[in-house]
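Participant: Once you've had a glance at the structure underneath, I'll fire off some questions.
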Amino acid sequence: MARYAMVIDLERCTGCRACVEACKVENNTPTANLWMYVFRFEEGEYPNTHVWFMPRPCMHCDNAPCVKVCPVGARYKRLDGLTATDWERCIGCRYCEVACPYGVNYFNWKDPAENYYLDWNDEDLAAVTGGTTPPYRNPDLDQPYGSEQRRVAGGGRAKGVIEKCTFCVHRVEQGLLPACVANCPLFALHFGDLDDPNSTVSRLLRRKPSFRLLEEQGTQPRVYYIGGKPPTTETRQIEEVKARV
Amino acid sequence: MNITRRTFLKGSAAAGGTLIAGRLLSGELETLVAAPPGASPALAEEWVPTTCWIGKQDCGILARRINGRVISLEGHPDHPRNRGTLCPKGIAQIMALYDPNRVKAPMIRTNEKGVPGKWRQVTWDEALNLVAEKIKAVRQKDPRLFVWQKGRSKAKAFYDKAFVKAAGATKLGHGTYCSDAGYRAAEYTIGLHGVLHPDFRYTRYLLCWGWNVTNAGGNKFCWLTWPQQLIQARERGMKMVVIDPRLRSAGHFADEWLPIRPGTDLALALALCSTLVEQGTIDRAYLQNHTNAPFLVKEDGFFLRAAPEGEEEEGKPLVWDEASGQAVPFDTEGVQPALEGEFTVQNSKVKPAFQVFKEHLASYTPEWAAEVCDIPADIIRRIARELGENARIGSTIVVDGITLPYRPVAIMAYHMTQQELGFQAARAMIMLMMLLGAIEAVGGQRIDLTWKIHKNWEKLDRVEIKDPPYNIYLKDSKFFPINSGSPSVMAKVMLEPEKYGVDYTPEVLMLHMVNPMPSFTDEPLHMEAYKQFKFVVAIDPWLSKTADLFADVVLPAATIEKYEGPIKASDQYTDAVAFRIPPMNPLFQSRGEIEIYMDIAERAGFLYGEKGYLAHLNKELKLKDEFALPLDRKPSVREIFDRWARAQGIEEGVAFFEKNGVKVKGPVPAKKYYGYAQEPPFNGIRHRLYGESLLRYRQIMQEKGADEIYWRDYTPLPTWRPLTMDQSPPEYDLYLISFKKIEFKQSRASQIPLLAELAPQQYLEINPKTARERGIADGDEVWVESHNALTGETRRVKVVARYRESIRPDTVGMPHHYGEVARHPWAKGQGPTANVLFFGTEGYLTNTADATFHVKVRVYKA
Amino acid sequence: MRTTLTLLLIVVGFGLQVVSYFFLAAPWGIPSSPAYSNPRVPFAPTIFILGVVLVFLAAVVYELLPERGQ
């Protein structure tokens, strides 16, 4: 069984947010749900300022608080390390959203059909797309995945359920990289199997010092950062995006 | 009524139970009900290779299509520019492909202009007939009355060029708002068509001069090609010094940040030149053999020349040969030209141009520049020393088996040339690299992608300044002898034609993928002027602000869903060509531009025949013999490209690109790449350190009575002078600059919801100390008021202020992009365009009619 | 009668909470696989909540049941 992890190279990231968009389109997430988020940080005082950027997907923690508190077992940890959300079983209690220290959970307050940016109910458009919402709806997300065959892929599945980054489970199971990793123009995101000593992630972690976010909380995240230092209380966010409706 | 606790409890328990039962039984708790497995229909997946449409550099795309529906756009792995990745706009483009707010069918205006339009939808037939009728009429009356304006060509500019030529229209581009002051400087000084970028594979020391690494473009290419090359260079150890009023644009890639005062880049360049000369780190061999530095300059500022030979108008310039001790023509065999000294030849005192330059630089010391630029003198000296050391003057390296000079220092500069002294600042920066001998050397200063002398090398040196009447953008006039063709100048001329010696007002305007109102400086000026056009036709996928206010006809264009090409896909080191292949049919009734132009030309009577549109298409695409388009029938767009592909030797024709998307031709050989690798080097031209013709233009402009404001910057050597904007009264104490955002740069994207969500609103970046002094908190609404130092006009807009430490305290910044599209739900309330505050008239134009994006403002709480 | 029932509910409620949290939900010992994040028993958090609910219901029961002697 693979042991998946992500390595993010902060020396390369330019904060372009292409990963945010790639994730959005691939996973069909509704308005203001930013599964992948990129922080744009500024530190210091003029003229000794430092500007840097930090992508933040779900950490897919090995000691996940969200998994522990899910009353119905909709949020569970797979053997390959992905922390998945069974959107058929989720009852929308939002305990996982409360428990997660990273804030990666998004609740579908609205009916997804009405929450995809624009009103797609256009006759002329439906003639081209067959009336799907959104028009770029990805059919891969409807299938069940994993040996347990549960529906864990995609966003905007139903009103009243929680969703979050899935490490693109529907792509990973086909041997592809998550959309954010595959697209990063600066090749700052890496994904792979930690149990394989020759994988990119293993080699990077052997060679370079790394950190994980909020390690002191004991969540054992599977997302490692190289080429930088964790944000401190002096780090300010600039150019924030209003996530969540 | 007497309710006991017991009753209350019983009652609420009962009510609660009923509610839950009701929900359960009505089936709204859908998540407790498993979704039916459902048979998944057979999914036919296809990958259509195509090319990005949304931004500047046409990156390669693979469109994923399932059962005929495009569901995502991913980077094409073989494309040298993006290597399988896309910037956020490229990905978000999927929403532009399906946007229900796109113009669905041609529209004709029913109300007056200058206010948002009331439109009636018509057939293509009716719209094209109307447009063709108007164009036919104006061509018969006077073709000069037909102005064709473009934003950007999304492929080789052949079909638009061909249309302009066939129609005889006057063409205006966007270059004056882009970087054309730099283009003119480079064309004039070195002869290449470009601004400044490094040989990233070898550069060791880079001056990132106003280059927006994390958000924007750079010379020739753009995001993401340049950042990809930059990161590789940095991993190789390249040092980067950022010269910019704001640091955000370079992020953490800056090894050092010089927060320069806006508009003073010329002063810094001159001080660096001065220090290089003082410390002696100059490439004498390059200056002697490949520039006009040794040419002897008389006291009147012109070259000392030999007598004209044969048909020549002027004799060859002379140099002082140190070997023979006399003045000889510069191209004499075996000459050892002097760079310094003072000589007497034929009773006139002469000095080599380099000597003149050296004396000119004497007053431009780092101490002087420190006052002007607000960068400490010791830092300027240190940068000059580091440049000198890193340039490794005299060293060579072998590339592709050829021994070439190795000078691994360079500048990356592009849009920053659009400032008041931009033409001369760009010249000074080029001359800085010339002193180091880094031009076209390995690791050194690049301007174009390959060594290819542009026709402007000769043209800009031989401008014939004519007498009025002039054309609509004052070409070859006493106002702007070197002229980038500015729509702002056209707007001003339309409002005051007699002042500029223009005897006509254009009547018909065609807007080709351009939106002047928010995009060009001085929005109010354009608003005034565009009212005068009698007939305006806009070709655009959305109803742009300009079209909504001024267009008579809107023709919906397709976005990525059309055939367009050929598209250069080179990344500077690997040569390739690509095409835009439609991944689906054009949405609604939109059509590709080439089809639209062919139809208009046909109906207006200039499609067929020797001088028709088809003939010009052949010329622009170089289609000859059996590949040429027959001049008597209208081809499909696909056929045009099929013929082109076969003419290139690609047997399968355009089908090759329909299958593969991009054709990689291979690495660019050093012989083609470096000017030094030519035989003779640089094809024997002499780079213009000393701009003799600029002096000549100055004198002719003075003779013809042009005002000082037009000729004051035509100097043979870059010369500093106080800036016009600094003449504004002291209460306008802040400089306003503008910048691009990666979410929207160089695209029609501010209405695309996926991107607008990331940056929904216009804002003002302000240093926290500056803000607090004015009682402004982060997030407060403020007025930003600009002032025209010459006319006294003030303008103001209201925006939200955002704290930013990494911007100079005397500078505020505003992004572009907002206020582009009318009638789009996501474009509402985005805020004003920064271009309301910038001026586009005298004092705020360069001497080459280029726009400037600087103005003094004051900021106060709203 | 009602006191007994109330106290019973409280004790059972807390008992359920303790058992479900410490023995069914929280991972103990050395992790042998990523799945150790998952609760031992799938609905362990539900059982915890059930315990909480029982404790609060104790008050309701105390209110609803008649007093001794009434």
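Participant: Hey, can you tell me all the residues within the stretch B:92-127 that are without any contact (Cβ under 8 Å) to a residue 12 or more places away in the chain and open to solvent by 50 Å² or more (accessible area, probe 1.4 Å)? Quick ask: steps written out before the conclusion?
Facilitator: Filtering the stretch B:92-127 for residues without any contact (Cβ under 8 Å) to a residue 12 or more places away in the chain gives B:100, B:110-112, B:118, B:125.
Residues satisfying the conditions are B:T110, B:E112, B:K118, B:D125.
Participant: Looking at this structure, is A:S202 in contact with an Asp or Glu (Cβ under 9 Å, 6 or more places away or on another chain) and more than 14 Å from chain B (Cβ to nearest Cβ)? Give the derivation first.
Facilitator: Numbers: in contact with an Asp or Glu (Cβ under 9 Å, 6 or more places away or on another chain): yes; more than 14 Å from chain B (Cβ to nearest Cβ): yes.
Yes, satisfied.
Participant: Scan the stretch B:442-460 residue by residue and report those that are open to solvent by less than 40 Å² (accessible area, probe 1.4 Å), over 30 Å from B:M494 (Cβ atoms) and part of a loop (DSSP other than H, G, I, E, B). Reasoning before the result, please.
Facilitator: Of the stretch B:442-460, the ones open to solvent by less than 40 Å² (accessible area, probe 1.4 Å) are B:442-451, B:456-457, B:460.
When the remaining residues are screened for being over 30 Å from B:M494 (Cβ atoms), the result is B:442-451, B:457.
Scanning the stretch B:442-460 gives B:G443, B:G444, B:I447, B:D448, B:L449, B:T450, B:W451.
Participant: Given B:L435, B:L404, which one is touching a residue at least 40 places away in the same chain (Cβ under 8 Å), over 14 Å from B:I190 (Cβ atoms) and either open to solvent by 10 Å² or more (accessible area, probe 1.4 Å) or of a type outside the set (V, I, T) (or both)? It would help to see each step written out before you state the result.
Facilitator: On the way: B:L435 fails: over 14 Å from B:I190 (Cβ atoms).
On inspection, the qualifying residue turns out to be B:L404.
Participant: I would also like to ask the following. Within the stretch A:67-81, is there a residue that is buried (at least 18 other Cβ atoms within 10 Å of the Cβ), among the hydroxyl-bearing types (S, T, Y) and touching a strand residue (DSSP E or B) at 6+ places or on another chain (Cβ under 9 Å)?
Facilitator: Looking through the stretch A:67-81, at least one residue is buried (at least 18 other Cβ atoms within 10 Å of the Cβ), among the hydroxyl-bearing types (S, T, Y) and touching a strand residue (DSSP E or B) at 6+ places or on another chain (Cβ under 9 Å).
Participant: Which members of the stretch A:121-143 meet the condition of being at the interface with chain B (Cβ under 9 Å from one of its Cβ atoms) and either open to solvent by less than 40 Å² (accessible area, probe 1.4 Å) or touching a Ser or Thr at 6+ places or on another chain (Cβ under 6 Å) (or both)?
Facilitator: First pass over the stretch A:121-143, keeping only residues at the interface with chain B (Cβ under 9 Å from one of its Cβ atoms): A:121-122, A:124-125, A:128-130, A:132, A:134-140, A:142-143.
If the condition is that a residue be at the interface with chain B (Cβ under 9 Å from one of its Cβ atoms) and either open to solvent by less than 40 Å² (accessible area, probe 1.4 Å) or touching a Ser or Thr at 6+ places or on another chain (Cβ under 6 Å) (or both), then A:D122, A:L125, A:T129, A:T132, A:P134, A:P135, A:Y136, A:N138, A:P139, A:D140 are the ones that fit.
Participant: Any idea which residue in the stretch B:507-522 is farthest from B:E785 (Cα to Cα), counting only those that are within 16 Å of the chain's Cα centre (by Cα) and of a type outside the set (G, A, S)?
Facilitator: Within the stretch B:507-522, the subset within 16 Å of the chain's Cα centre (by Cα) is B:513-516, B:518-521.
So of that shortlist, the ones also of a type outside the set (G, A, S) come out as B:513-516, B:518, B:520-521.
Values: B:M513: 30, B:V514: 27, B:N515: 24, B:P516: 22, B:P518: 17, B:F520: 18, B:T521: 15 Å.
Within the stretch B:507-522, the match that is farthest from B:E785 (Cα to Cα) is B:M513.
Participant: Tell me the residue from A:K164, A:K159, A:K242 that is more than 22 Å from B:G75 (Cβ to Cβ), loosely packed, with under 15 Cβ neighbours inside 10 Å and either within 14 Å of chain B (Cβ to nearest Cβ) or at pLDDT 95 or above (or both), please. Give the steps one after another, and end with the answer.
Facilitator: On the way: A:K164 fails: loosely packed, with under 15 Cβ neighbours inside 10 Å; A:K159 fails: loosely packed, with under 15 Cβ neighbours inside 10 Å.
Among A:K164, A:K159, A:K242, only A:K242 is more than 22 Å from B:G75 (Cβ to Cβ), loosely packed, with under 15 Cβ neighbours inside 10 Å and either within 14 Å of chain B (Cβ to nearest Cβ) or at pLDDT 95 or above (or both).
Participant: I'm checking my understanding of the structure. Among residues of the stretch B:609-629 that are over 33 Å from the mean Cα position of the chain (by Cα) and touching a residue at least 12 places away in the same chain (Cβ under 8 Å), which one is most open to solvent (accessible area, probe 1.4 Å)? Explain how you work it out, then say what you get.
Facilitator: In the first step, residues of the stretch B:609-629 are kept if they are over 33 Å from the mean Cα position of the chain (by Cα); the result is B:609-610, B:625-627.
Going one step further and asking which of them are touching a residue at least 12 places away in the same chain (Cβ under 8 Å), we end up with B:609-610, B:627.
Numbers: B:G609: 30, B:E610: 155, B:F627: 56 Å².
It comes out as B:E610.
Participant: Open to solvent by less than 20 Å² (accessible area, probe 1.4 Å), in contact (Cβ under 8 Å) with a residue 24 or more places away in the chain and assigned to a loop (DSSP other than H, G, I, E, B), is that true of A:P221?
Facilitator: So A:P221 passes the test.
Participant: Answer yes or no: is there a residue in the stretch B:203-214 that is within 14 Å of another protein chain (Cβ to nearest Cβ), touching a helix residue (DSSP H, G or I) at 6+ places or on another chain (Cβ under 6 Å) and part of a loop (DSSP other than H, G, I, E, B).
Facilitator: From the stretch B:203-214, those within 14 Å of another protein chain (Cβ to nearest Cβ) are B:208, B:211-214; that's our starting set.
Now narrow it down to the ones that are touching a helix residue (DSSP H, G or I) at 6+ places or on another chain (Cβ under 6 Å): B:213-214.
From the residues that got through so far, the ones that are part of a loop (DSSP other than H, G, I, E, B) too are B:213-214.
Yes, because at least one residue in the stretch B:203-214 is within 14 Å of another protein chain (Cβ to nearest Cβ), touching a helix residue (DSSP H, G or I) at 6+ places or on another chain (Cβ under 6 Å) and part of a loop (DSSP other than H, G, I, E, B).
Participant: Restricting attention to the stretch B:224-237, does a residue exist that is at pLDDT 95 or above, over 23 Å from B:I447 (Cβ atoms), surrounded by 21 or more Cβ atoms within 10 Å (Cβ to Cβ) and among the polar types (S, T, N, Q)?
Facilitator: no
Participant: Mind listing just one residue for me: the one in the stretch B:68-91 that is under 22 Å from B:R591 (Cα atoms) and open to solvent by 20 Å² or more (accessible area, probe 1.4 Å) and, of those, nearest to the other protein chains (Cβ to nearest Cβ)?
Facilitator: B:R69
Participant: I want to confirm something. Restricting to the stretch A:89-98 and keeping residues that are in a loop (DSSP other than H, G, I, E, B) and open to solvent by 40 Å² or more (accessible area, probe 1.4 Å), which single residue is farthest from the other protein chains (Cβ to nearest Cβ)?
Facilitator: From the stretch A:89-98, those in a loop (DSSP other than H, G, I, E, B) are A:89-94; that's our starting set.
Narrowing the set further to residues that are open to solvent by 40 Å² or more (accessible area, probe 1.4 Å) leaves A:89, A:91, A:93-94.
Numbers: A:R89: 7, A:I91: 6, A:C93: 9, A:R94: 13 Å.
The selected residue is A:R94.
Participant: Further question: Name the residue that is nearest to B:L736 (Cα to Cα), counting only residues in the stretch B:790-836 that are of a type in the set (F, W, Y) and within 13 Å of chain A (Cβ to nearest Cβ). Reasoning before the result, please.
Facilitator: To start, the set of residues in the stretch B:790-836 that are of a type in the set (F, W, Y) comprises B:803, B:818, B:826.
Checking the rest, the ones that are also within 13 Å of chain A (Cβ to nearest Cβ) come to B:803, B:826.
Numbers: B:Y803: 15, B:W826: 27 Å.
Among residues in the stretch B:790-836 that are of a type in the set (F, W, Y) and within 13 Å of chain A (Cβ to nearest Cβ), the one nearest to B:L736 (Cα to Cα) is B:Y803.
Participant: Looking only at the stretch A:204-218, filter to residues that are assigned to a helix (DSSP H, G or I) and open to solvent by less than 60 Å² (accessible area, probe 1.4 Å); which one of those is farthest from A:L79 (Cα to Cα)? Spell out the reasoning first.
Facilitator: Within the stretch A:204-218, the subset assigned to a helix (DSSP H, G or I) is A:204-207, A:215-217.
If we keep only those that are open to solvent by less than 60 Å² (accessible area, probe 1.4 Å) too, we end up with A:204-205.
Details: A:L204: 23, A:L205: 21 Å.
Checked the stretch A:204-218; the qualifying residue farthest from A:L79 (Cα to Cα) is A:L204.
Participant: List every residue pair whose Cβ atoms sit under 7 Å apart, with the two residues 6 or more apart in sequence or on different chains, where the first one lies in the stretch B:479-491 and is at positive phi and the second, anywhere, is modelled with pLDDT under 95 and part of a loop (DSSP other than H, G, I, E, B).
Facilitator: B:G485/B:G173
Participant: Looking at (1) modelled with pLDDT of 80 or more; (2) farther than 30 Å from B:A576 by Cα; (3) within 53 Å of the chain's Cα centre (by Cα), which is the only condition B:W53 fails?
Facilitator: Among (1) modelled with pLDDT of 80 or more; (2) farther than 30 Å from B:A576 by Cα; (3) within 53 Å of the chain's Cα centre (by Cα), B:W53 violates only (2).
Participant: Right, here's the next one. Going through A:Y117, A:Y76 one at a time, which residue ends up being among the hydroxyl-bearing types (S, T, Y) and in a strand (DSSP E or B)? Quick ask: steps written out before the conclusion?
Facilitator: Working: A:Y117 fails: in a strand (DSSP E or B).
A:Y76 is the lone residue from the list that is among the hydroxyl-bearing types (S, T, Y) and in a strand (DSSP E or B).
Participant: Within the stretch A:62-71, is even one residue of a type in the set (K, R) and within 14 Å of chain B (Cβ to nearest Cβ)? Spell out the reasoning first.
Facilitator: Narrowing the stretch A:62-71 to residues of a type in the set (K, R): A:68.
Add one more test, that the residue is within 14 Å of chain B (Cβ to nearest Cβ), and what stays is none.
No, that holds for no residue.
Participant: List the strands (runs of 3 or more DSSP E) inside the stretch B:690-807, counting only whole elements, that have at least 2 residues being free of Cβ contacts under 8 Å to residues at least 40 places away in the same chain and surrounded by fewer than 22 Cβ atoms within 10 Å (Cβ to Cβ). Working first, answer last.
Facilitator: Working: elements: B:734-739, B:763-766, B:781-787, B:794-803.
Per the criteria, B:794-803.
Participant: Restricting to the stretch A:40-66, and then to whatever is assigned to a loop (DSSP other than H, G, I, E, B) and free of Cβ contacts under 8 Å to residues at least 60 places away in the same chain, can you tell me which residue is surrounded by the most Cβ atoms within 10 Å (Cβ to Cβ)? Steps first, answer last, please.
Facilitator: So the first thing to find is which residues in the stretch A:40-66 are assigned to a loop (DSSP other than H, G, I, E, B), and the list is A:46-47, A:57-64.
From what is left, the residues that are free of Cβ contacts under 8 Å to residues at least 60 places away in the same chain are A:46-47.
Details: A:Y46: 17, A:P47: 14.
Only one residue tops the list, namely A:Y46.
Participant: Within the stretch A:173-197, restricting attention to residues that are under 13 Å from A:G81 (Cβ atoms) and crowded, with 21+ Cβ neighbours inside 10 Å, which residue is nearest to the other protein chains (Cβ to nearest Cβ)?
Facilitator: A:P178
Participant: Among the strands (runs of 3 or more DSSP E) contained in the stretch B:498-594, which hold 3 or more residues that are at positive phi, crowded, with 24+ Cβ neighbours inside 10 Å and at pLDDT below 95? Even if it seems obvious, please write down each step before you answer.
Facilitator: Values: elements: B:508-512, B:535-540, B:553-556, B:564-568, B:574-580.
Output list is empty.
Participant: Next question. Determine whether the stretch B:675-683 contains at least one residue that is of a type in the set (S, T, N, Q), under 30 Å from B:E464 (Cα atoms) and open to solvent by less than 30 Å² (accessible area, probe 1.4 Å).
Facilitator: Let us first name the residues in the stretch B:675-683 that are of a type in the set (S, T, N, Q), namely B:678, B:683.
Retained after the next criterion (residues that are under 30 Å from B:E464 (Cα atoms)): B:683.
Checking which are open to solvent by less than 30 Å² (accessible area, probe 1.4 Å) leaves us with none.
The answer is no, given that none of the residues of the stretch B:675-683 is of a type in the set (S, T, N, Q), under 30 Å from B:E464 (Cα atoms) and open to solvent by less than 30 Å² (accessible area, probe 1.4 Å).
Participant: Please indicate, with yes or no, whether at least one residue in the stretch B:58-67 is at pLDDT 80 or above, out of contact with any Lys or Arg (no Cβ under 7 Å at 6 or more places or on another chain) and of a type in the set (S, T, N, Q).
Facilitator: Taking every residue of the stretch B:58-67 in turn, at least one turns out to be at pLDDT 80 or above, out of contact with any Lys or Arg (no Cβ under 7 Å at 6 or more places or on another chain) and of a type in the set (S, T, N, Q).
To keep it simple, each residue is scored yes or no on (1) modelled with pLDDT of 70 or more; (2) more than 21 Å from A:V128 (Cα to Cα).
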| site | (1), (2) |
| --- | --- |
| B:L25 | no, yes |
| B:L32 | no, yes |
| B:A39 | no, yes |
| B:W47 | yes, no |
| B:R69 | yes, no |
| B:G75 | yes, yes |
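The values are calculated or read from the model by the stated rules, or taken from the named source; none is laboratory data. It should be emphasised that the depicted structure is a prediction, and the values quoted were computed from it without experimental measurement. We place every Cβ from the backbone using ideal geometry, glycine too, and count neighbours over all the protein chains shown. Note: areas computed on protein heavy atoms with side chains; ligands, DNA, RNA excluded. Shrake-Rupley method; radii C 1.70, N 1.55, O 1.52, S 1.80 Å.
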